[in-house]
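The next block holds one structure in the form of C-alpha cells; read it before the comments.
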Amino acid sequence: MAARFWRLSGFMLGGNDLELAEIALLNGTTRLDGAATLTASHAPIAGTLAALKDNNVGSSCRFAAQAVASAGFFLHWDMGSDVEVDGLRLAAGASEQHWPKSLSVAYWSDAQGWVYVTEGTGLVFPGANTWATDAVAGVVPSTWNPADRGTGVTLSEGDLYASSSYFYYAVRSVHGVSSRKCYWEVSDLSGYSMPGIVTAAAPVEVLTPEGAYPGSNAHGWGYYGAGVLYHGAVEVLTGLPTAGTFSVMSFLLDMDLGTLRLWFDGVDAGVVASGLVGPIYAFFGSGASAIATCRANFGATPFVYVPPAGFQAGFGPTRLLFPTQGAQQVRPSRIAAGLAVSAPVPAFSTKRISRAQVARDVEFGGQARIWGTTKIKGTPNVPTKARVVLQHQRSKLPVRETWSDPVTGAFEFSGLDASQQFLTLVEDLAGNFRPVVASKLVPEVLA
C-alpha cells in the first residue's frame, strides 16, 4: 500500500483524553514519518504534534476527549510522495486512561478516496511512556471477481472455485498488486485448466479463435496442462510438470523484482516470467473447447506449502495487524461496488417504529441522526431504492432498518446516541450488487 497521504482516526477511549508519546509509520524497521508533515483536525490541549515524531517517549501530545469523540477527529500525514507503509508503532503517554482502545488506519487513493487498511480493537497498553509492539502488515485475501469474468465462467465457494466452459472465457481476481512479494496456491486443476497472471488490460471474454485464456495475448501469462507457459499466444516455456502429475500449484509473485516463479507440489520450477509491471492480477480460463476448473487459495485458509521468507502469505491488499487483547476487528480495503452511500441529502425516513427499535433506544437512543442516499454507480450516479440496516459498530447488534426513497434514494435514522459509532449495510433491491458497508459513522445532532 504505497500512498502519499495517511490518516489515523476512529480513536475510542471511553470518554477520556487521548495522549500518545509517539506514532511511527514504518517500512520494515525503517521509520518513514520523520520528514512528513503531520497535522490534526483539532489542536492538542497539551504538548505538540512534533512530540509524536521526535523519537522521545518522554514527551507526549494530548487531545481533549470531546475532540477525539467528534466525527471529524483525525491525525494526517503528508509524506511528500508515495511511500510503502507496512507497519505502525505507537508509544503510550503517562496513563493507561489515555491510551486508545481502538483506532483506524487509512491511506488516500485518487480512485477510491480514503481506503481503510485496518481497524484494531482491544489494543494492549504497553506501560507508561513505553513503545507498544508493532502493528505489522498482513493480507486481505482476494477472490475471483464476479464482476470481471466472461459469461462462460461460473463461480462458487465464496468466489474461490471457478469453472470456465470454453477458451473464450476467463476471470480476473478482485485485487491486483504493483509492489510486494505475494504467495498463493491453486488446485483442483483439470487437464485444460489455465491458471496465470495478467494486467488490467487483458480481456475476460473474446468470442474469436484468439480466445481469452491466460497468455492468449501480450497482457498475460498462463500455464497449460501440457507443461507449457503461454504469453502472447505462443509457448514461451516448455518442460514444466504436466497436469495430473501434481496436486498444488504455487504462485510466487515478486513485484519488487517484477518476476513470477512457480512451484509444483512444493518443487521450484524457477522464474517463468520477468519484466512484470503492475498492477498484476491472478487470472484463470480454459485452454480448450472444454470445461476447466480451478480452486484458488489467496490466503483465506492455511496453505499446503510454506511461503518462502520475504513473501506475504496471501494475495490481495495489505492491512496492518495489531497485537490485541481479545477479539480484533479488521476492516479490509474498500472494494468498488455497485452501490454508493453519501451524505448529506434531504431528509427521508420510514416513520414506523418496531418494538425491537424501541428496546434498542435504551442502549442507542439519543438526539442525533445518520442520513444519506443510496445510488447506483455510474456517470452520473443514479438514486435507487435499497434496504438500509443500521448496526452498532462495536457489538454489531441491529439498531434500525429502513428502505431508502425510490426516487431520491434518501434515508435517515433519527433518535440516535451521538457518543456511539454505527455502521450501515445497504442491500440492492434487485439483488444485482453486493451489499455495501459504511462503518464508523457518528450520528450528528439534529438541528
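The values are calculated or read from the model by the stated rules, or taken from the named source; none is laboratory data. These numbers come from a predicted model, not from an experiment. Don't worry about glycine lacking a Cβ; one is built from the backbone with ideal geometry, like all the others, and counts go over all protein chains shown. The protein model used for the area step is the full one, side chains on, heavy atoms only, and it has no ligands, DNA or RNA in it. Shrake-Rupley method; radii C 1.70, N 1.55, O 1.52, S 1.80 Å.
For segment 161-202, a residue qualifies if it is touching a Cys at 6+ places or on another chain (Cβ under 9 Å) and in a loop (DSSP other than H, G, I, E, B), and the qualifying residues are Asp188, Leu189, Ser190.
Residues in segment 230-240 include none that are modelled with pLDDT under 95 and charged (D, E, K, R). Picking from residues in segment 127-160 that are more than 26 Å from Ser247 (Cα to Cα), open to solvent by 30 Å² or more (accessible area, probe 1.4 Å) and part of a strand (DSSP E or B), the one that is modelled with the highest pLDDT is Asp148.
Only one of the numbered conditions (1) modelled with pLDDT of 95 or more; (2) open to solvent by 10 Å² or more (accessible area, probe 1.4 Å) is not met by Lys101, and that is (1).
Just give me the residues in segment 104-118 being open to solvent by 10 Å² or more (accessible area, probe 1.4 Å), in contact with a strand residue (DSSP E or B) (Cβ under 6 Å, 6 or more places away or on another chain) and at pLDDT below 75, in sequence order.
If the condition is that a residue be open to solvent by 10 Å² or more (accessible area, probe 1.4 Å), in contact with a strand residue (DSSP E or B) (Cβ under 6 Å, 6 or more places away or on another chain) and at pLDDT below 75, then Tyr116 is the only one that fits.
Within segment 1-16, can you find the residues that are open to solvent by less than 30 Å² (accessible area, probe 1.4 Å) and under 22 Å from Val442 (Cβ atoms)? Listed by number, the residues that qualify are Trp6, Leu8, Ser9, Gly10, Phe11, Leu13. Of all residues in segment 389-414, those being open to solvent by 20 Å² or more (accessible area, probe 1.4 Å) and small (Gly, Ala, Ser) number 2. Considering Val306, Val248, Val272, Val228, the condition of being among the β-branched types (Val, Ile, Thr) and without any contact (Cβ under 8 Å) to a residue 12 or more places away in the chain is satisfied by Val306 alone. Kindly evaluate Lys53 against the criterion of being within 19 Å of Leu13 (Cβ to Cβ) and at pLDDT 80 or above. Spelling it out, it is not the case that Lys53 is within 19 Å of Leu13 (Cβ to Cβ) and at pLDDT 80 or above. Is there a residue being of a type in the set (Gly, Ala, Ser) and on the phi > 0 side of the Ramachandran plot anywhere in segment 64-84? Yes, segment 64-84 contains a residue that is of a type in the set (Gly, Ala, Ser) and on the phi > 0 side of the Ramachandran plot. Just so you know, in segment 23-45 the residues that are among the polar types (S, T, N, Q) and touching a His at 6+ places or on another chain (Cβ under 8 Å) include one that is most open to solvent (accessible area, probe 1.4 Å), and it is Thr39. Pairing each residue of segment 1-15 that is touching a residue at least 40 places away in the same chain (Cβ under 8 Å) with any residue that is buried (at least 19 other Cβ atoms within 10 Å of the Cβ) and of a type in the set (Lys, Arg), provided the two are 6+ apart or on different chains, yields C-beta distances under 9 Å for Met1/Arg180; Met1/Arg319. Of the residues contained in segment 428-442, one or more are found to be surrounded by 17 or more Cβ atoms within 10 Å (Cβ to Cβ) and in a loop (DSSP other than H, G, I, E, B).
Looking at Thr48, is it open to solvent by 20 Å² or more (accessible area, probe 1.4 Å), at pLDDT 95 or above and β-branched (Val, Ile, Thr)? Break it down stepwise before answering.
Details: open to solvent by 20 Å² or more (accessible area, probe 1.4 Å): yes; at pLDDT 95 or above: yes; β-branched (Val, Ile, Thr): yes.
Yes, satisfied.
Looking across segment 73-88 at every residue that is open to solvent by less than 40 Å² (accessible area, probe 1.4 Å) and outside any strand (DSSP E or B), the one that is modelled with the highest pLDDT is identified as Phe73.
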